[in-house]
Amino acid sequence: MGQADDLGGGVYKKRLNKNMYRSIILAKSGHTWVFEYLFAKQDRDNIDTEELASFRQLAKAYETLTEPQLARLVRDGDLTEICHDKAPL
């Protein structure tokens, strides 16, 4: 994933597009990354404490998902998979 700031609890903040945007990313067992929230730096500096707590809860929920459950979320259109160097679920 490259350089990202670890916000704890499976939540990471990554700078994108020459530092113009931020993405909040949730990790599931280190091999599945969920790009959950994208915002422009010009619109806001950061997420607040309540948002971070919610993202941490969501990251915990993603941790419990099995590969078949993730595949179903992708198949049903609830998640969009972006593959890098491997076949999709």
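The values are calculated or read from the model by the stated rules, or taken from the named source; none is laboratory data. Computed from a predicted model, the values in this text were never measured in an experiment. Counting neighbours? That spans all protein chains shown, and the Cβs are built from the backbone with ideal geometry, glycine included. Each accessible area value is taken on the protein alone, full model and side chains, heavy atoms only, with ligands, DNA and RNA left out. Shrake-Rupley method; radii C 1.70, N 1.55, O 1.52, S 1.80 Å.
Give, rounded to the nearest 20 debye, the magnitude of the charge dipole that segment 26-69 has about its Cα centre when Lys and Arg contribute +1 at Cβ and Asp and Glu contribute -1 at Cβ.
120
Can you give the angle from 0 to 90° between the axis of helix 49-63 and the longest principal axis of the chain, with both taken from C-alpha atoms, to the nearest 10?
Between helix and principal axis, roughly 20 degrees.
On a straight-distance basis, which aspartates and glutamates could pair with LYS18 in a cross-link, Cα separation under 20 angstrom, same-chain partners fewer than 8 positions away excluded?
Cross-link targets: ASP5, ASP6, GLU36, ASP43, ASP45.
By how many nm would the segment from GLN42 to GLN3 lengthen if fully extended, with 0.36 nm per residue of separation less the alpha-carbon distance?
12.0 nm
Normalising by the residue count of the chain, find the relative contact order in percent from Cα pairs under 8 Å and 6+ residues apart.
Averaging sequence separation for qualifying contacts and normalising by length gives 21 percent for the chain.
Under a cut-off of 28 Å between alpha-carbon atoms, report the lysines in cross-link reach of LYS60, not counting same-chain residues fewer than 8 places apart.
LYS13, LYS14, LYS28, LYS41, LYS86
So, with a 1.4 angstrom probe, what is the percent of accessible area on the chain that is carbon and sulfur?
50
Each label point is 7 Å from the Cα along the Cα-to-Cβ direction; what then is the distance between the points at PHE35 and GLU81, in nm?
Between PHE35 and GLU81, the label points sit 1.7 nm apart.
Name the residue from ASN17, THR49, VAL34 whose Cα lies farthest towards the positive end of the charge dipole of segment 1-54, charges +1 on Cβ of Lys and Arg and -1 on Cβ of Asp and Glu.
Most positive-ward Cα: ASN17.
Using mean Cβ contacts within 10 Å as the protection proxy, how do 9-21, 64-76 order, highest first?
Final packing ranking: 9-21, 64-76.
Once amide H atoms are built 1.01 Å from N in the peptide plane, which residues 5 or more positions from LEU79, or in another chain, come under 5 Å H to H?
Under 5 Å from the amide H of LEU79 lie the amide H atoms of VAL74, each far enough along the sequence or on another chain.
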